[in-house]
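The values are calculated or read from the model by the stated rules, or taken from the named source; none is laboratory data. It should be emphasised that the depicted structure is a prediction, and the values quoted were computed from it without experimental measurement. For neighbour counting, all protein chains shown are included, and Cβ atoms are generated from backbone atoms with ideal geometry for every residue, glycine included.
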Amino acid sequence: MKLRPLVLLFAIGSLATHAQTTNAPGPVTVPAPKPAVVDVPQPPQLGQPVAGAPAPKPAVVDVPQPGQPASTATTDPAKIAEFQRRFAQGQELEQEGKLTEALAVFDGIIADAPNAKGSLREAGLITFRQGDFARADGYFEKLHLLVPDYPMAIESLIQINQAMKRDVKVAILIREFRDLYTAGKVPKPYFVRERISLDQGDQLVMTEFFDYLQPPNTVWMGERFDSTGARKRWFLLNYEPDATKALRAKHPELAQAEVFNLYEYVMKDDQPTEIDVYKNYIGRPDYQKTRMDMLALFVNPPKPIYSVAVPAQQ
């Protein structure tokens, strides 16, 4: 039996101490959680490898990748074959970890064929991994102009602009990505929003879900990976529909309120064994607040509000 992100059901308990309120009148009570066991979401594929890890596929898969060299300005079979040979050479160098040499190959193709989509993608990925966000932004912006509906280009631009602290640009890109998802052009209900470098070569991958009102009701997910790509910590901010319904029924003045929980799956052998709930919120915290709270839990986690064992998979 697979496990799905927790949907918390509630009995009686006070949020006066723990809740972060949004225009809420005084202390209120909502039912205390009783988790139901559902399928745990699988983490997205890492689009940017961490040091020492094998190069993974982009986070958004199941979407046709831009061909190479589909947009070269030639129909000469010999020239097309030459572009394909050079592109394969660049990919081989990239897979061997020779990023500088691979980038030179892709840049050479782009110089001869400026609209070579595959080379723009690979050059963007390499410069992103190298931390050259301005150059990566240039490659992916051009790819995005050439293929506006290509999810990986938008997702990569979100991560790049998040790293460059361009909050307005990030908001515009996320709105565009949501429209693409609504139109049925994005195969997954989530995307990687940010990658945060931590000590010892670890990385925090922050994932955003398009619609928290739909199962699994996750808003943001934070996963800590070590330098080999193994997951070490797993946090989620989830909307709690049953708790929200109970709160609204008990307090009509909070008819527009929503209840959220920040919790962690405690892992053993990459399987969740326990759920630790750390924070309750009335009103959804924004991304920066959630990010800050998750980072704080890595450094100095407090005692959980409560913990629940996860039944072993059958």
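Data table
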item	result
Subset of segment 204-244 that is more than 18 Å from K279 (Cα to Cα) and of a type in the set (V, I, T) - its residue that is modelled with the lowest pLDDT	T228
Residues satisfying the stated conditions in segment 240-264, i.e. hydroxyl-bearing (S, T, Y) and either over 19 Å from I305 (Cβ atoms) or surrounded by fewer than 23 Cβ atoms within 10 Å (Cβ to Cβ) (or both)	T244
Selection count where residues are in a loop (DSSP other than H, G, I, E, B) and buried (at least 18 other Cβ atoms within 10 Å of the Cβ), scope segment 163-191	2
Odd one out for T273 among (1) surrounded by 15 or more Cβ atoms within 10 Å (Cβ to Cβ); (2) in a strand (DSSP E or B)	(1)
Selection count, segment 138-162, where residues are closer than 20 Å to R178 by Cα and free of Cβ contacts under 8 Å to residues at least 40 places away in the same chain	13
Within segment 192-240, tally of residues that are touching a residue at least 24 places away in the same chain (Cβ under 8 Å), farther than 14 Å from Y263 by Cα, in a strand (DSSP E or B) and among the aromatic types (F, W, Y)	1
Meets criteria (among the aliphatic types (A, V, I, L, M) and either more than 30 Å from A88 (Cα to Cα) or surrounded by fewer than 22 Cβ atoms within 10 Å (Cβ to Cβ) (or both)) for L145	yes
Condition met for I158 (in the same structural domain as G124 (by TED's automatic domain parsing), surrounded by 22 or more Cβ atoms within 10 Å (Cβ to Cβ), over 21 Å from V299 (Cα atoms) and at pLDDT 95 or above)	yes
Subset of segment 276-293 (residues that are β-branched (V, I, T) and outside any helix (DSSP H, G or I))	V277, I282
Unmet requirement for A296, which otherwise passes all of (1) outside any helix (DSSP H, G or I); (2) loosely packed, with under 14 Cβ neighbours inside 10 Å	(1)
